[in-house]
Amino acid sequence: MEETTKKQAWWKKVIVMILLLAAVGSYFVIPSVKKTLDEIFKMFASGDFTVVREFVESYGAYAAAVSFLLMILQSVAAPLPAFLITFANANLFGWWQGAILSWSSAMAGAALCFWIARILGRDVVEKLTSKGGLKQIDVFFEKHGRMSILIARLLPFMSFDIVSYAAGLTSMSFWGFFAATGIGQLPATIVYSYVGGMLTGGAKLLVTGLFILFGLSALIVLLRQIYMERQKEKSEE
């Protein structure tokens, strides 16, 4: 039984590695793939959500599907900025439709990162993300225990993608991770989508204010968790 399990794990690892290598290889072998990906990376580097919106919009009837795939791509290729896609989705499809699209695609990306990490292990994940980033998340997980994922999703400065990869390297269950991600990611998605739905060139001040408000809310949640943990430690002593 143990030998069968090991063989299954080995085959999973081989299949995932082949798929990843095929994806990377297509960039160097297929000119159209290289051209499209270069355009996407340049688009993310611009930091302008209108560029993302125009790119997605150019695919017409397939725009939602392209946006979904973009979110998954940015999840795997950490740390590309996901909020640009969320803003673009809301601006293009309307805030609540955009929120549904952004939330569901982010969930798919999180699940993919989790399973890549669980199947391929830390060495591969360090190459996809960063060794230092993973260590920081490890410390965060140790400090906050079973509430780590939920708290991390509520904090806008925590890397969504690296947290997903790091979770796959732990013993936590996938469904526990998935539920905490879904709940924790929802407030940020709603806020970003609502802002993105009315975002124009003159709305920068509003965006800054909402980011500060959301950051303070997340900080309150974090401080509350730290306080509760310290109270627990005192009671145990």
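The values are calculated or read from the model by the stated rules, or taken from the named source; none is laboratory data. All values reported here derive from a predicted model rather than from experimental measurement. Cβ: placed from backbone, ideal geometry, glycine included. Neighbour counts: every protein chain shown.
In the range 182-191, what residues are buried (at least 18 other Cβ atoms within 10 Å of the Cβ) and over 10 Å from Trp103 (Cβ atoms)? Result: Gly184, Val191.
Please verify whether the range 142-161 includes one or more residues that are among the acidic types (Asp, Glu), surrounded by 22 or more Cβ atoms within 10 Å (Cβ to Cβ) and over 19 Å from Val56 (Cβ atoms). Write out each step before concluding.
To start, the set of residues in the range 142-161 that are among the acidic types (Asp, Glu) comprises 142, 161.
Next cut, surrounded by 22 or more Cβ atoms within 10 Å (Cβ to Cβ) only: 161.
Still in the running and over 19 Å from Val56 (Cβ atoms): 161.
Yes: one or more hits.
Applying the set (1) within 26 Å of Gln231 (Cβ to Cβ); (2) small (Gly, Ala, Ser); (3) surrounded by 20 or more Cβ atoms within 10 Å (Cβ to Cβ); (4) out of contact with any Gly (no Cβ under 8 Å at 6 or more places or on another chain) to Ala166 leaves exactly one unmet item: (1).
Quick check on my filter: what residues within the range 66-88 are closer than 21 Å to Val33 by Cβ, aliphatic (A, V, I, L, M) and in a helix (DSSP H, G or I)? Listed by number, the residues that qualify are Val66, Leu69, Leu70, Met71, Ile72, Leu73, Val76, Ile85.
Within the range 157-180, being touching a residue at least 40 places away in the same chain (Cβ under 8 Å), touching a Leu at 6+ places or on another chain (Cβ under 7 Å) and small (Gly, Ala, Ser) holds for one residue alone: Ala166.
Would you confirm whether any residue within the range 89-100 is within 14 Å of the chain's Cα centre (by Cα), part of a helix (DSSP H, G or I) and surrounded by 15 or more Cβ atoms within 10 Å (Cβ to Cβ)?
Keep residues of the range 89-100 that are within 14 Å of the chain's Cα centre (by Cα), which gives none.
No: the range 89-100 contains no residue that is within 14 Å of the chain's Cα centre (by Cα), part of a helix (DSSP H, G or I) and surrounded by 15 or more Cβ atoms within 10 Å (Cβ to Cβ).
Being in contact with a Gly (Cβ under 7 Å, 6 or more places away or on another chain) and aliphatic (A, V, I, L, M), is that true of even one residue in the range 127-149? So far as the range 127-149 goes, yes, one or more of its residues are in contact with a Gly (Cβ under 7 Å, 6 or more places away or on another chain) and aliphatic (A, V, I, L, M).
Inspect the range 45-65 for any residue being over 24 Å from Ala188 (Cβ atoms), modelled with pLDDT of 85 or more, assigned to a helix (DSSP H, G or I) and of a type in the set (Lys, Arg) and give the result as yes or no. No, the range 45-65 has no match at all.
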